[in-house]
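Student: Pasting a structure here, questions to come.
Laboratory data are not the source of any read-out in this text; all were calculated from the coordinates shown. Quantities reported herein were computed from a predicted structural model and do not represent experimental measurements. Here Cβ is always computed from backbone atoms with ideal geometry, including for glycine, and neighbour counts include all displayed protein chains.
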């Protein structure tokens, strides 16, 4: 197993451990940290998925190129043998043996790379699903936190309002109105008396003379009207 293959096995193992990790869903800090760990792992695995898919493409391309080299070498060897240059054909034949051996392994290498690419793609898909789930948990926790704060604020306001209502519960509206009307009656009486005290009193000695003058003017008014 190559170093890169071993590294990918280790990476996939750590990803599976992360996915299998038990999380306390009642701990906001644990959920947030786990979500951050998932995000980091997801970034790494997406990059690894691209690398592995590129490896598959490279192996497939190399196989096609190797097949072309084999055919070219076979034709060259055939030509040299027919021309009686077996000594020149021997190095080419050695190259052909090496290339045929590599070609025989190509399909196996491609299959291994394809499986690794598939496994990594599955891991990425699982990580994305788990990450989306944990993001939903985080959003729900944030919503609950906002709702809790709002309810606590409302409860505080309502408690204060309740104390005010309780304080004024013994105050009767009818009693207040009755006292206000009584005060208004007293004020009216004081006003009436004040008016009476300020009225101008005629001198009894001049009352008859005043009456005569008024009678005189009344007669003139009657005469002018007739």
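Student: Measure of size requested: the Rg and Dmax of the range 3-167, with Cα atoms as the atom set and Å as the unit; please supply both.
Tutor: Cα-based Rg and Dmax for the range 3-167 come out at 31.3, 123 Å.
Student: Taking R0 as 45 Å, what FRET efficiency do you get between residue 140 and residue 114 from their Cβ-Cβ distance, rounded to the nearest 0.05? Numbers along the way, then the final one.
Tutor: Numbers: r = 39 Å, r/R0 = 0.87.
After rounding to 0.05, the efficiency reads 0.70.
Student: Let me ask something else. Can you give the relative contact order of the range 3-167 as a percent, counting alpha carbon pairs under 8 Å and 6+ residues apart? Present the calculation step by step, with values, prior to reporting the outcome.
Tutor: Details: 77 pairs, mean separation 58.9, N = 165.
That works out to 36 percent.
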